[in-house]
Structure formats: C-alpha cells, structure tokens
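Peer 1: This is the structure I want to talk about, given as structure tokens.
The values are calculated or read from the model by the stated rules, or taken from the named source; none is laboratory data. This one's a predicted model, so the numbers in the text were calculated from it and none came from an experiment. Cβ placement follows ideal geometry from the backbone for every residue including glycine, while neighbour counts extend to all protein chains displayed.
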Amino acid sequence: ALLRADVVSIFPDYLAPLRLSLIGKAIDTGLVELGVHDLRTWTHDRHRTVDDTPYGGGAGMVMKPEPWGAALDAIVPAGSATTPRLVVPTPSGRRFTQAVAAELAAEQHLVFACGRYEGIDSRVMADAATRMRVDEISIGDYVLNGGEAAVLVMLEAVVRLVPGVIGNPESLTEESHAAEHDGLLEGPVYTKPTSWRGLDVPPVLLSGNHGAIAAWRRDQALERTRRVRPDLAPSPLDGVEGVVVGVA
Ligand code: ADE
C-alpha cells in the first residue's frame, strides 16, 4: 500500500464510513491500508476506564495516558522502518488546509489519536514525539465532541490525493483551492439541458471558444472568491511587475 492509516478511538464504529465510496475502494484495491482500533483494548480494569479528573481542577475529564501509551506502542513497534506521523485532532491545533492534506498524503504511515472529553494527557504527545512526528491539527474554529469526525474529514481529503485513487487526476487541479488556480474558489458549473425552469446556461459555455471559456471561468472564480472569501482573493497588484514605490 502507498499509505497506511491507523485510527485509535473509543468509538471505532464512528469510523465505519471510511469503508464506503472512494476511500473504501482505495482500501479494497490495496492502495490504502486502514486499521481501526478500540482504545479500550489497552485498558485492564473491569470498567475499561480511559478518563479521569484533571489535575489542577476544572470541568470535564481528561484521557488517561496509560491506554494511549500501550496503544501507540502496539501500533508503532520500537525500531519501525519509517517514523510515522501521529495526527492528534484538537481545536487547539494548527489549521487543516488543502496544503496540509497534501503533506499528509505524502506520508507512508499516519496514526490518528481521537481524543474525547477535554483532551488527552499531554505527556502522551511528549512521549510519542520521541519516535513519531506529532501533529496536532484543527479542522476549523469550532468545537466537536471528539476527534472522530475530524479524522473522517481529514482522511477524505488526504486519501483522494494518494496517486491512483482518483481515476482522472485532472479533476484534482481544476477544483477549489488547487494551487494551479492561485487558490481561487471554483465558479458555477452547468450540464444539460441548456434551459431549465426559465434559467439558461451562460452562452459562452456553448460557444466552443476555449479561450473565452477559460477567461469567463477565471472571471467567475475571481468574482466569487472576492464575494465569499475576500481573505483568499489575490491583491490587485499580484502579478504586476515593475511597480516600485520609492522610499525617500
Ligand atoms: N476535536 C474537537 N474539536 C475539533 C476540531 N475543531 N478540529 C479537530 N479536532 C477536534
């Protein structure tokens, strides 16, 4: 397999959708290998306890270090050939973007540690850092109950970038956020019929003039990006050469 991914969670069933659709097919064809593990496998008390109250006080519970340490030792044996990347989904991590998805897609082995409650005892990440590259990642500025949904999001974005997973790789460069399009959002798309409920397909798309179509699409992408994501829009002087502002 080009990519191996292991996910550790107290709700392994939450990861079942990974066996469906495009990711499922990548697993079935052997391009991607997926292991989903129940953290409670590595508990030894009769209640299979994974959490405890936080030192220093405060609301909520913190995930105990021992089950995590044993889980990561089992999944990443000492002296492994390659050092995996340990992805820890957390709202306090660096932001997940298309560029981060591309970084993760280039790895051979990803291990995802899904926290619940108020998070995982910080010593788990400190200890793992001695044999893995630890990457705490947030999928956005909102709070989920646990890392599982974030792993579904990240793996969906990552696996489609693994070579061979998507039949026509051109669809990767044409979509929103592709670097080849300066990170602009994709504009509107249309298919048959040419007229539907009184709404017509823009005539330029029926013109057969490929230069005019490309220019129109770029224009639509720019307009949409300025309107809904001004933070992503290029500055008006981008690409203009020879503009030198003198300093006295
Ligand atoms: N766990 C809880 N909230 C999260 C978020 N926004 N991103 C990633 N993991 C999380």
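Peer 1: Within the stretch 125-145, restricting attention to residues that are buried (at least 16 other Cβ atoms within 10 Å of the Cβ) and away from the ligand (no atom under 15 Å from the Cβ), which residue is farthest from Gly183 (Cα to Cα)? So that I can check it myself, show each step before the final result.
Peer 2: Restricting attention to the stretch 125-145, the residues satisfying the condition of being buried (at least 16 other Cβ atoms within 10 Å of the Cβ) are 125, 127-128, 131-132, 134-139, 144.
Add one more test, that the residue is away from the ligand (no atom under 15 Å from the Cβ), and what stays is 127-128, 131-132.
Working: Asp127: 37, Ala128: 34, Arg131: 35, Met132: 31 Å.
Looking at residues that are buried (at least 16 other Cβ atoms within 10 Å of the Cβ) and away from the ligand (no atom under 15 Å from the Cβ), I get Asp127.
Peer 1: With more than 25 Å from Ile27 (Cβ to Cβ) and modelled with pLDDT under 95 as the only criterion, which of Gly164, Gly69, Gly79 stands out?
Peer 2: Checking each option against the conditions leaves just Gly79.
Peer 1: Can you find, within the stretch 63-92, the residue that is surrounded by the most Cβ atoms within 10 Å (Cβ to Cβ) among those that are touching a helix residue (DSSP H, G or I) at 6+ places or on another chain (Cβ under 9 Å) and farther than 19 Å from Ile10 by Cα?
Peer 2: Pro84
Peer 1: If a residue must be touching a residue at least 40 places away in the same chain (Cβ under 8 Å), farther than 26 Å from Asn145 by Cβ and assigned to a loop (DSSP other than H, G, I, E, B), how many such residues does the stretch 94-119 contain?
Peer 2: So the count comes out to 2.
Peer 1: So, one more: For residues that are closer than 18 Å to Trp42 by Cβ and within 14 Å of the ligand (Cβ to nearest atom), tally how many sit in the stretch 98-118.
Peer 2: 6
Peer 1: When residues of the stretch 194-248 are filtered for being outside any helix (DSSP H, G or I), exposed (fewer than 10 other Cβ atoms within 10 Å of the Cβ) and at pLDDT 95 or above, how many remain?
Peer 2: The number of residues fulfilling the criteria is 5.
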